[in-house]
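Student: Quick one: the structure is below, questions incoming.
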Number of protein chains: 2
Amino acid sequence: MSSTLVLHHLNVSRSFRVLWLLEELGLKYEIKNYTRTPELAAPPELKNAHPLGKAPVLQDGDITLTESGAIVEYLIHKYGPQLQCPEEHYVDNLYFTHLAESTLGPTGSSKLIWQILPGRVPFFIRPIINAVGQRLIGLRLDPELTTLADLIEKQLTKSTSEFLVAEHLTSADFMIFWCIAFFEERMPTGSVGPKTKEYIQRMQERPAFKSAVEKGGPFK
Amino acid sequence: MSSTLVLHHLNVSRSFRVLWLLEELGLKYEIKNYTRTPELAAPPELKNAHPLGKAPVLQDGDITLTESGAIVEYLIHKYGPQLQCPEEHYVDNLYFTHLAESTLGPTGSSKLIWQILPGRVPFFIRPIINAVGQRLIGLRLDPELTTLADLIEKQLTKSTSEFLVAEHLTSADFMIFWCIAFFEERMPTGSVGPKTKEYIQRMQERPAFKSAVEKGGPFK
């Protein structure tokens, strides 16, 4: 039977999570690669896959699903019982799975946008936009990113395995990994702790991770 | 037995979701009310409940949990089997539960921030910040909010009940309701469809909803 799974994947984006998970699960799937425009936006043809025009989009037969958190949970629910989180780690897994897109992602993205914005406005207003952005980053975004990095470092210190919460990969790993590794260079200096750095390195050494990079390009 | 549940609730915030859910489940809980500062920020004492300093924070005995999506799922998992989503609606429920905080929330918040920002900067740079914000809202945020409103309207048109996905309240209702009702006035004119407007009205008429407003103040 040929696979019904199709992943619409955008390079250097959240859809790397799904690609990596598909590889870890050893599922048969088709990948449709999309490339960011020179302005780093998603190309307009992604709207043919889903009206929001964002990646990832997963098709599984009649089902079309977006939101990386939903897709990761869906794939584990349907195809990956071995990656389901045991009840004793349920709360931590739930927390980090949601934290990734609800708080860490938006805070990291806000900082990124304010760092990029000055280069996208007419040169004479650039210093003003830069000053507003630096103030927002310094007063609000950086302190929050520092707290978030600390929460992740603490969780990895508490973990008794090489993974974030359980004795095997769970949804929290796919969700948090991409955020912390993607935003690492833009986190405040020194905020990403040693356990987190080792974790980022360790995940990248997994054969399924390397295979995902081979098929979909670099994740950051 | 006295309840072990404590909700740290901030007025006019996402924690209304949890308050409403606690009321729907008829659980015994303690509410700690926090009030926004004149600048609409969360008060600093929320950091005593959780280092991120945001609401909601739920304590359940030894467990301290943040992220409204995680708390809503946790409460239904532990105390609300009657609100668990039946398998036939699993995908829709999963999708809308994640969409609320991953896409609708951040997009709505971005628009809100850009609308508020001009009033928070020195008057001489106000026109510039306003112009940049209007451009971003017009080109990116409003089209996305329109698509999101359309996805919700379509789901409500498809639903065969008074709820978003199943024959009873599920996590998607608590998550989406707060976003769409909170951001309604800031969505592009005409984007929030008639089914959605009826839904917003209908949920507010529920006794548990009214009781939540009584205990925690208005939700928007």
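The values are calculated or read from the model by the stated rules, or taken from the named source; none is laboratory data. These numbers come from a predicted model, not from an experiment. Backbone-built Cβ (ideal geometry, glycine too); neighbour counts: all protein chains shown. Heads up: the accessible areas ignore ligands, DNA and RNA and are worked out on the full protein's heavy atoms, side chains in. Shrake-Rupley method; radii C 1.70, N 1.55, O 1.52, S 1.80 Å.
Student: Per the Cauchy relation, a quarter of the hull surface: what is the mean projected area of the convex hull of the alpha carbons in segment A:123-220, in nm²? Write down the numbers at each step before the final one.
Tutor: Values: hull surface 31.5 nm².
Computing the convex hull of the Cα atoms and averaging its projections yields 7.9 nm².
Student: Give me the one-decimal nm value for the distance between modelled label points at B:Gln82 and A:Glu45, 7 Å along each residue's Cα-to-Cβ direction.
Tutor: 5.2 nm
Student: Using protein chains only (no ligands, no nucleic acids) and a 1.4 Å probe, work out which residues of segment B:84-122 have their accessible area cut by at least 30 Å² relative to the chain alone.
Tutor: B:Tyr90, B:Val91, B:Leu94, B:Tyr95, B:His98, B:Glu101, B:Ser102, B:Thr103, B:Trp114, B:Leu117
Student: Could you name the lysines whose alpha carbon sits less than 25 Å from that of B:Lys154, not counting residues in the same chain fewer than 8 places away?
Tutor: Candidates past the 8-residue exclusion: A:Lys47, A:Lys54, B:Lys111, B:Lys195, B:Lys197, B:Lys220.
Student: Among the residues of chain B, which one places its Cβ closest to the rotation axis that maps chain B onto chain A, and what is that distance in whole Å?
Tutor: Residue nearest the B-to-A axis, with distance in whole Å: B:Pro106, 2.
Student: With 20 Å bins from zero, work out the P(r) of the protein assembly as shown over every alpha carbon pair and list the percent per bin.
Tutor: Values per bin, smallest distances first: 25, 61, 14, 0.
Student: I'd like the interface area for chains B and A: accessible area of each alone minus the complex, both sides summed, 1.4 Å probe, protein heavy atoms only. What is it in Å² to the nearest 100? Provide the component values of the computation, followed by the final result.
Tutor: On the way: alone 11230 and 11240 Å², together 19210 Å².
Interface between B and A: roughly 3300 Å².
Student: May I pose another question? Could you provide, to the nearest whole Å², the per residue accessible area of chain B with probe 1.4 Å? Please list the in-between numbers first.
Tutor: On the way: 9600 Å² over 220 residues.
I get 44 Å² per residue for chain B.
Student: Roughly speaking, to the nearest percent, how much of the protein assembly as shown's 1.4 Å accessible area is carbon and sulfur?
Tutor: Details: 10300 of 19210 Å².
Ligands and nucleic acids excluded, carbon and sulfur give 54 percent.
Student: Among A:165-177, A:38-50, B:82-94, B:55-67, what's the highest-first ranking by average C-beta atoms within 10 angstrom per residue? Spell out each step's value before the answer.
Tutor: Numbers: A:165-177: 24.3, A:38-50: 12.9, B:82-94: 16.8, B:55-67: 20.1.
Per-residue Cβ counts within 10 Å, averaged per peptide and sorted highest first, yield A:165-177, B:55-67, B:82-94, A:38-50.
Student: Here is a further query. Checking the a/c ratio against 1.5 first, then a/b against b/c, what shape does the Cα gyration tensor give for segment B:52-171? Intermediate values should be presented prior to the final figure.
Tutor: Working: a/c = 4.24, a/b = 1.59, b/c = 2.66.
Oblate, because a/c is 1.5 or more while a/b does not exceed b/c.
Student: Assume the label is 7 Å from Cα along Cα to beta carbon: what separations in nm does A:Pro43 have to the matching positions in the other copies?
Tutor: 5.3
Student: Would you please give the residues with an amide H less than 5 Å from that of A:Ala49, counting only those at least 5 places away or on a separate chain, with H modeled from the backbone geometry?
Tutor: Sorted by chain and number, the residues that satisfy this come to none at all.
Student: At what distance in nm do the modelled label points of B:Ala131 and B:Thr64 sit from each other, each positioned 7 Å from its Cα along Cα→Cβ?
Tutor: Rounded to a tenth, the inter-label distance reads 4.7 nm.
Student: Say a label goes 7 Å from Cα toward Cβ at B:Gln115 in every copy; what distances in nm does this one have to the rest, shortest first?
Tutor: Its label point is 3.0 nm from the equivalent points in the other copies.
Student: Determine which aspartates and glutamates satisfy two conditions relative to A:Lys210: a Cα distance under 12 Å, and not lying fewer than 8 residues away in the same chain.
Tutor: A:Glu23, A:Glu24
Student: Continuing with the same structure: Mind listing the long-range amide H neighbours of B:Arg36? Cut-off is under 5 Å, sequence gap 5 or more, other chains count too, H placed in the peptide plane at 1.01 Å from N.
Tutor: It is B:Asn11, by chain and number.
Student: Got the A:Glu184 label distances to the other copies yet, label 7 Å along Cα→Cβ, in nm, shortest first?
Tutor: 4.6
Student: Okay, next question. Could you work out the helix-only [θ] at 222 nm for chain B, with each DSSP H run of four or more residues adding -39,500 (n - 2.57) and the total divided by the number of residues, to the nearest 500 deg cm²/dmol?
Tutor: Details: 9 runs with 107 residues, N = 220.
After summing the helix terms and dividing by residue count, I get -15000 deg cm²/dmol.
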